[in-house]
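Read through the structure below, which is laid out as structure tokens, and then see the notes.
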Amino acid sequence: MSERSTHALEFTRVFDAPRSDVFEAFVERDAILAWWAPKGWYTTHAEMDVRAGGRYRFGMRSDHDPALMYIHGEYLVIDRPHELKFTYVWEPGGAGERWREYALPGVVTIVTLRFRDVGKATELFIRHEGFPTEPGAEQHRYGWASNWDCLAEYLIHGTVKPHARS
């Protein structure tokens, strides 16, 4: 029996906002619709049952493609405002087809977010693990970094992206 190789990514970023605000941006539906997705993409669909064992499903699209790309998962840990942990699964089809090599449809990965006070700011740590390939992990590093640029704008301005476009 061979052991499956997995890859992970980790990084931190400091946000100029209280820890409770940064945490809530990940668990409030209106916040997710306002900032979640890399630049040039928009989250137009968000179902969330925010509790341990609850599920979520987000649909994202770009201005250049009306097809949605979905992710879904299960909340594993919700420790306000310290830690959030959830599974993360890309669904096959839609806009995700062109990212198949990196999105790894059907592969269950795990995201752990830890929130820590740094003065009046918040340090946010991410570990996203369980990628079967290094390129898959690295592509997600770029996606998360762009996502967090949008989160930073949201925390300052309260909105970043237009709500659902059809």
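Computed from these coordinates, which is Cα extents along the principal axes in Å: (i) 44, 37, 37; (ii) 48, 42, 27; (iii) 70, 35, 29?
(ii)
In the stretch 128-162, which residues have a backbone nitrogen under 20 Å from the label point lying 7 Å from LYS39's Cα in the Cα-to-Cβ direction?
Taking a point 7 Å out along Cα→Cβ of LYS39, the residues of the stretch 128-162 whose backbone N falls under 20 Å are 138-162.
For the chain, what does -39500 (n - 2.57) per DSSP helix run (n ≥ 4), summed and divided by total residues, give at 222 nm, in deg cm²/dmol to the nearest 500?
Values: 4 runs with 44 residues, N = 166.
My calculation for the chain gives -8000 deg cm²/dmol from helical runs alone.
Here, each number is a calculation from the coordinates, and none is a lab measurement. Owing to the predicted nature of the structure, the values given are computational and were not obtained by experimental measurement. When we count neighbours, we look across all protein chains shown, and the Cβ atoms used for this are built from the backbone with ideal geometry, even at glycine.
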